[in-house]
Amino acid sequence: MNLVLMGPPGAGKGTQGEILSKRLDINTISTGVMLRTAIKEQSEIGKIAEKYINDGKLVPDDVIVSIVKERLQKPDCAKGFILDGFPRTTAQAEALTESGVKIDKVLSLEVADEAIIERLSSRRECSKCGAPYNIISNKPETEGICDKCKGELIQRADDVPETIKNRLNVYHEQTEPIKAYYEKLGLLVTAKGEDKLEDTTSNVAKALGLEV
Ligand SMILES: [Zn+2]
């Protein structure tokens, strides 16, 4: 199955991508990793991308799409793939279609903004060992202190409500319109992201027509 996975930051896309990757025995392909690899391998298109980055410019959509296409033609994608973090804009989605890459389904994980803000802003991590906590669902024994190493628990700058709201707005403005594009092509399926991981996993399976 050639799958595009989309959803707002904090919706659990990474986790569901991993679960689907194991279940379907296909790789998750992330654009960031792809770009770095193409540059490292100094492929023709990798060299072009590197020039934009070195000049301090954004890598244009057609270059990114070429890199994605090159990556998806590798043997480990023959059985299918899960694209995570791409396309990010309708222009990229259109360019991907025009490049001839075949997509079977686009799965959108749906979680309300308020739930994401609550979920992410309750995350903490140990400032010494990096162990993850959540002040609602995964509390430490002593407030503010790591169970494992007694380090101080901190909130990452990314997880402050203001920052989360900004990231959600970028998603709604730039990425969410892709849903309408893929819906017109008859490829869009949606799954509700729930508080419990197993509930989300079963919603995802239903949306993709897999056995629950
Ligand atoms: Zn710790």
Residues located in the stretch 147-177, provided they are of a type outside the set (Gly, Ala, Ser), near the ligand (Cβ under 10 Å from one of its atoms) and part of a loop (DSSP other than H, G, I, E, B) | Asp147, Lys148, Cys149, Lys150
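Mind listing whichever residues of the stretch 166-187 are of a type in the set (Lys, Arg) and modelled with pLDDT under 95?
Arg167
Given the criterion open to solvent by less than 60 Å² (accessible area, probe 1.4 Å), under 26 Å from Ile29 (Cα atoms) and within 16 Å of the ligand (Cβ to nearest atom), identify the matching residue among Gly130, Gly144. Working first, answer last.
On the way: Gly144 fails: under 26 Å from Ile29 (Cα atoms).
Of Gly130, Gly144, the one residue that is open to solvent by less than 60 Å² (accessible area, probe 1.4 Å), under 26 Å from Ile29 (Cα atoms) and within 16 Å of the ligand (Cβ to nearest atom) is Gly130.
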Qualifying positions in the stretch 45-63 - free of Cβ contacts under 8 Å to residues at least 24 places away in the same chain and either among the small types (Gly, Ala, Ser) or open to solvent by less than 50 Å² (accessible area, probe 1.4 Å) (or both) = Gly46, Ala49, Gly56, Pro60, Val63
Exactly one of Glu114, Glu125, Glu110 is surrounded by fewer than 21 Cβ atoms within 10 Å (Cβ to Cβ), touching a Pro at 6+ places or on another chain (Cβ under 6 Å) and within 22 Å of Gln16 (Cβ to Cβ), and that residue is Glu125
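When you scan the stretch 31-44, how many residues do you find that are part of a helix (DSSP H, G or I) and either open to solvent by 60 Å² or more (accessible area, probe 1.4 Å) or not polar (S, T, N, Q) (or both)?
Kept after step one, since they are part of a helix (DSSP H, G or I), are these residues of the stretch 31-44: 31-40, 44.
Narrowing the set further to residues that are either open to solvent by 60 Å² or more (accessible area, probe 1.4 Å) or not polar (S, T, N, Q) (or both) leaves 32-36, 38-40, 44.
Of the residues in the stretch 31-44, 9 are part of a helix (DSSP H, G or I) and either open to solvent by 60 Å² or more (accessible area, probe 1.4 Å) or not polar (S, T, N, Q) (or both).
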Within the stretch 178-212, the count of residues that are assigned to a helix (DSSP H, G or I) and aliphatic (A, V, I, L, M) comes to 6
Given the structure, is Arg88 within 16 Å of the ligand (Cβ to nearest atom) and surrounded by 15 or more Cβ atoms within 10 Å (Cβ to Cβ)?
-> no
Of all residues in the stretch 181-212, how many are open to solvent by 50 Å² or more (accessible area, probe 1.4 Å), touching a residue at least 60 places away in the same chain (Cβ under 8 Å) and among the aliphatic types (A, V, I, L, M)?
-> 2
With criteria (1) out of contact with any Lys or Arg (no Cβ under 7 Å at 6 or more places or on another chain); (2) surrounded by 12 or more Cβ atoms within 10 Å (Cβ to Cβ); (3) of a type in the set (Val, Ile, Thr), Ile135 comes up short on (1)
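The values are calculated or read from the model by the stated rules, or taken from the named source; none is laboratory data. As the structure is a computational prediction, the values presented were derived from the model and not from experiment. Neighbour counts run over all protein chains shown; Cβ positions are idealised from the backbone, glycine included. Protein only, heavy atoms only, side chains kept; ligands, DNA and RNA dropped before computing areas. Shrake-Rupley method; radii C 1.70, N 1.55, O 1.52, S 1.80 Å.
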